[in-house]
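Once you've had a glance at the structure underneath, I'll fire off some questions.
Each value in this text was obtained by applying a stated rule to the coordinates, not by laboratory testing. Since the structure is predicted, the reported quantities are computational estimates derived from the model, not experimental observations. Note: ideal-geometry Cβ built from the backbone for every residue, glycine included; neighbour counts use all protein chains shown.
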Amino acid sequence: MNTNLIALGAKIVECTFERHAQAILDILNDAILTSTALYDYKARSMENMVSWFQAKAAGKFPVIGIEGADGALMGFASYGTFRAYPAYKYSVEHSIYVEKGCRGLGLGETLLRLLIERAEANQVHLIIGAIDAANEGSIALHRKLGFVHSGTITQAGFKFGRWLDVAFYQLTLPTPEQPVDG
């Protein structure tokens, strides 16, 4: 964990519905309403969080958080199914979101490093990030940690009165050692 987080008394946690659903919902809804980090238009509801956590549990996907000394969720990260076809079973798409008042502290990097470690432990081969092409900070972070640009789909989304391009970045892991068909 970076020294900023240690100084803040922050700790890494496994997020649960009971403890973190409202905080995750708040962070996601801020991103939806104020940024192009998510290409949604409308705020999500607690019902969305129920199905989101169920999908994470069903897929055995991690939901990692960082809590401040006061127990408040500062940011979270997860990954999930990239595409719902069997041959994609070793590929995941990840998400990282940081509470607006906690940005610039290195939480995103810490969370992404933790996701990479978890992906290797879970025998993932490819981690994919779909990033708004104008999000220079996120792109720089991904490049710093070894992700490479694998393509951009131009005008993939329309939000805030303009067309948005989505850039795909990927990190190829050495796992699994013995991939299998089926």
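Once you have all Cα-Cα distances for the chain, histogram them in 10 Å bins from zero and send the whole-percent values.
Calculated P(r), rounded to whole percents: 9, 35, 40, 15, 1.
Which lysines, on any chain, are close to LYS89 with Cα under 29 Å apart, when same-chain ones fewer than 8 places away are left out?
Correct list for LYS89: LYS56, LYS60, LYS144.
So how do SER35, SER45, SER95 line up by other beta-carbon neighbours within 10 Å, fewest first?
So the residues, fewest neighbours to most, are SER45, SER35, SER95.
In whole angstrom, how far apart do the alpha carbon centroids of region 61-118 and region 8-45 sit?
11 Å
Using amide H atoms built 1.01 Å from N in the peptide plane, name the residues 5+ places from LEU164, or on other chains, whose amide H lies under 5 Å from its own.
Under 5 Å from the amide H of LEU164 lie the amide H atoms of GLN155, ALA156, GLY157, PHE158, LYS159, each far enough along the sequence or on another chain.
Which chymotrypsin sites (Phe, Trp or Tyr not before Pro) in region 104-182 pass both tests, a DSSP loop state and at most 12 other beta-carbon atoms within 10 Å? Each step should come with its number before you reach the end.
Details: sites: PHE147, PHE158, PHE160, TRP163, PHE168, TYR169; in loops: PHE147, PHE160.
When the chymotrypsin sites (Phe, Trp or Tyr not before Pro) of region 104-182 are filtered for loop state and at most 12 Cβ neighbours within 10 Å, PHE160 remain.
Filter the chymotrypsin sites (Phe, Trp or Tyr not before Pro) in region 23-130 down to the DSSP loop ones having no more than 13 other Cβ atoms within 10 Å, then list what survives.
On the way: sites: TYR39, TYR41, TRP52, PHE53, PHE76, TYR79, PHE82, TYR88, TYR90, TYR97; in loops: TYR39, TYR41, PHE82, TYR90.
Here the chymotrypsin sites (Phe, Trp or Tyr not before Pro) that fit, given the DSSP loop and packing criteria, are TYR41.
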